[in-house]
Amino acid sequence: MLNERRNLLTAEQFAEVILNHLTSSQGKDPEHASIYDWRMALSLALRDQVIRPWFASTRTTYEAEAKRVYYLSMEFLVGRLIEDVATNLRAEDVAAAAMRSLGQDYGQVVRDEPDAALGNGGLGRLAACFMDSLATLGIPAYGYGIRYEHGLFEQHFKDGQQIETAENWLTQRYAWEFERPEVRYEIGFGGTVEKSGQTSKWIPAETIIASAYDTPVVGWNGLWANTLRLWAAKPVKVFDLDSFNRGEYLAASELEALARTISRVLYPDDTSEAGKELRLKQEYFFTAASIKDILRRLDSEGRVVRDLPQRVAIQLNDTHPAIAGPELVRLLVDERKLEMENAIDIARGCLGYTNHTLLPEALERWPEPIFKRVLPRHLEIVREIESAHLKASGSPVRILEDGDVKMGELSFIMAHKVNGVSALHSDLVRETVFEQLNRDYPDRILNQTNGITPRRWLHNCNPDLRILINDTIGTGWPADLEQLEKLVPHAQDAGFLEAFKAVKAKNKVRVANWLKSHHYIAVDPDAMFDAQIKRIHEYKRQLMNLLETVALWNEIRDNPNADWVPRVKIFGGKAAPGYVVAKQIIHLINDVAAVINADPQVKGLLKIVYPENYNVSMAELLIPATNLSEQISTAGNEASGTGNMKFALNGAPTIGTLDGANVEIRERVGAENFFLFGLTAAEVVERRKQQNYSAAAIAVSQRLSRALEQIENGVFSPGDPDRYQGLVQDLRQKDYFLVTCDFDDYFAAQRRVDSAYADQDSWTRMAVLNTARVGWFSSDRTIADYAKDIWNAHSLIGGARQPKGEVPR
Ligand code: F58
């Protein structure tokens, strides 16, 4: 029986499709099939079901002559897809039943899928959530990025220290993608610019091929599917037969190896932009291929380039694809013979730029010599863009300054809209990094607070809570998350609170079992699970969390008979391989864990766990089991955060500062359901002006002094007592991120958490109200607002939440 709308098969029919793939695609019979074979067969069977909505969406887009959104991002942190696709097709029960009928454990097969880890953290995961929401809303869109051969490195701990190994997701076939060998573009680097009269022509010195791989992205209810198009770098000439025949076997394959370098690895550096030519080449590679693809599609529709801003919205996910501006201008001027100023205006009409950081060291700048060596014609165009901007605005802000090309300024000047990712962050973007440009172009900056997809981050990762919510308020919420508000009255209902508590308890048992079987750590599922899982960075202040843990340890040992609330402190996250301080923090967490976890005096009261290799799938396991969400960055530094939203949605109240989206989360869930502490962003700025602020803060805090002394005296590193001298000295002398200044307030907030947690009924009420009131942070809302305020793009499916604004043609 075929369900028209969703193309749903019965479990029996679906089992047949799976079996067909097992034999025809995998070449295995059931007797000899491995779990990999079963997973491929299941994935391919699911992928089959996406084809119909995918084709239909493309057809509808052409017929409606609709505007398309192009989301350009260096990173898409996708994670696993089986459950995502199955649930969006509303075929999860059918898929599970079909696998069962074939004698397979569905859950085990789902967990066999490696994460597609084509991103570092929040920025990459946001891009993946946005793809899900674009498809759910039925907005015609492409995600464009790089098909890295190696995703984010795998993290291991050796003697407590982070070791990185290459990630190898493509050693197995990627079930979801379609190779498109016919979609290929030549991408040039280096060379010279030929002038003749007014015209310029770039003659690149080297050329490689960008080759497309498409993954369909299906939305909720299977009503719409978009495309994630990732580019792989390939050589123009695959193999040099002459070299081979001369016996020069390595040289024969050199061309391929060199070309492939461009899409070989994801840059894991999220501290400072590695000033690497390769990174610039990666950025240009995927951006140029995407722009060519966009123009080809425009041409194929019989449109002229003047139509671009009506047909095309290009969103730059941070400055990594900022070269899109100059590249589009280059194509319009050098190849399509438009006037420079006209070309700049057209390009600007298409482009939007999202800023994700205020950290000056993370704002991209390219030394002019490197930029010129790689992209000589683009440097000329950047100069033209700069002079057009200086002329039009009278602004003193330059793109080329101190020998650098400043990609933030370039992106700002080339975009018609620039957005921050939370209300506070957007204010700070206006007041700090782009203060003058905001005066020059007062309507350009706007805010778009981040969001998360409710499908992955509640419906799929927390099945028991999903069922409880469905039973309580119905099933409309995954596509309209603010319906969770209907749970608010149930926060007074003892039966509902019990059921909610039971879900959390079950999720905690699941994590306890996993920690035992996979990480050989025993934790008590009745203890409070307190989690800080995110990239390791000084501004995120994992170190402050750890200092509080040491102080608590001391306190428990001093008063062993007091009424302590048992806690498990969970840490998760990777440090950029070159970020020395972050790696020391990891080492210290593991060292402190070794000592505290072995101390019989705090047994059952305090435990530290730090499972290695945190990734999207681990987040899906940990978040539903967490009681307390740690969002403790130095105010003014975390642009938004999205983990904060995921925890709140799954019933974990936050302990946090007034930073990023914490501010808006607190407003929505209610101040009484949020454990606030710490300096505000404005106070941080003031405090930094004071002399010796950290010494002063340490002097008045006996608890902090003691913890610092223990660390610097080798209590946690007895074999190497000086190991953390540098780390502690930095806190004593500088402490840029104000760990010492916020410490006492944080410690006090943690004790408020303890007392609140001791009353389990009122705690559960807080947890429920967090879930009930964070619906606004759905990425569906975020995307609907981008569509309205930045893209002027529209949903092509009836019944979806329509972006407000103009009606589609
Ligand atoms: C993150 N940025 C922000 N950058 O830190 C976070 O507050 C925000 O919620 C999220 O973006 C989404 O807006 C982030 O993840 C990176 O990972 C970059 C990778 C490439 C180098 C520079 C950092």
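Computed from label points 7 Å out along Cα-Cβ, the spacing between Thr171 and Val595 is 3.8 nm. Across the range 659-666, rounded Karplus estimates of 3J(HN,Hα) from the backbone phi angles (6.51 cos²θ - 1.76 cosθ + 1.60, θ = phi - 60°) give 9, x, 6, 3, 4, 6, 4, 4 Hz, Gly and Pro being marked x.
Spin-label model, Ile203 to Glu65: label points 7 Å out along the Cα-to-beta-carbon direction sit 4.2 nm apart. Centre-to-centre, using Cα atoms only, the range 688-744 and the range 35-71 are separated by 54 Å.
Only helices enter this figure: runs of n ≥ 4 DSSP H residues, each worth -39500 (n - 2.57), summed and divided by the residues of the chain, yield -14000 deg cm²/dmol at 222 nm to the nearest 500. Karplus-based coupling profile of the range 86-97, in residue order and whole Hz: 4, 6, 5, 7, 6, 10, 5, 5, 4, 5, 5, 5, with θ = phi - 60° in 6.51 cos²θ - 1.76 cosθ + 1.60 and x standing for Gly or Pro.
For the chain, a simple Cβ point-charge model (Lys and Arg +1, Asp and Glu -1, everything else neutral) yields a dipole of about 1060 debye relative to the Cα centre.
Amide H to amide H, with H built 1.01 Å from N, Leu606 comes under 5 Å of Arg567, counting only residues 5 or more places away or on other chains. Rounded to the nearest whole Hz, the Karplus-based 3J(HN,Hα) values (6.51 cos²θ - 1.76 cosθ + 1.60, θ = phi - 60°) of the range 345-362 follow the sequence 5, 5, 4, 4, x, 8, 9, x, 10, 9, 9, 10, 7, 9, 4, x, 6, 9, with x at glycine and proline.
Taking every DSSP bridge with both residues inside the chain, close to 50 percent are antiparallel.
The local environment of Ala212, defined by Cβ-Cβ distances under 13 Å, has a net charge of +3 under the rule Lys, Arg +1 and Asp, Glu -1. Evaluate the distance, in nm, between pseudo-label points positioned 7 Å from the Cα of Lys734 and of Arg557 along their respective Cα→Cβ axes. Distance between label points: 3.0 nm. Please identify the GluC sites (Glu not before Pro) of the range 1-89 that satisfy two criteria: DSSP loop assignment and at most 13 other Cβ atoms within 10 Å. Which are they? Within the range 1-89, the qualifying GluC sites (Glu not before Pro) (loop, at most 13 other Cβ atoms within 10 Å) are Glu4, Glu65. If you take the charge dipole of the chain about its Cα centre, with +1 on Lys and Arg Cβ and -1 on Asp and Glu Cβ, which of Ile445, Leu89, Thr61 is farthest toward its positive end? It is Thr61. Amide H contacts of Ala141: Val69, Thr227, each under 5 Å away and 5 or more positions distant or on a separate chain (H built 1.01 Å from N in the peptide plane; Pro and chain starts excluded). Considering only Leu77, Thr215, Ala494, and ranking their Cα positions along the charge dipole of the chain that arises from unit charges at the beta-carbon of Lys, Arg, Asp and Glu, the one farthest toward the positive end is Thr215.
Summary of packing: across the peptides 325-336, 247-258, 280-291, 754-765, the per-residue average of other C-beta atoms within 10 Å ranks them, highest first, as 280-291, 325-336, 754-765, 247-258.
Simple rule: put +1 on each Lys or Arg Cβ and -1 on each Asp or Glu Cβ in the chain, find the dipole, and look at Leu468, Ala671, Asn226; the Cα lying farthest toward the positive end is Asn226. Annotation: amide H of Leu676 within the under-5 Å range of Gly656, sequence separation 5 or more or interchain, hydrogens built in the peptide plane. Can you give me the C-alpha center-to-center distance between the range 205-242 and the range 292-352, rounded to a whole angstrom? About 20 Å separates the Cα centre of the range 205-242 from the one of the range 292-352. Relative contact order, whole percent, for the range 454-784 stands at 23, derived from Cα pairs under 8 Å and 6 or more residues apart.
Read the figures in this text as sums done on the coordinates, not as results from a lab. Since we're looking at a predicted model, the values are computed, not measured. Don't worry about glycine lacking a Cβ; one is built from the backbone with ideal geometry, like all the others, and counts go over all protein chains shown.
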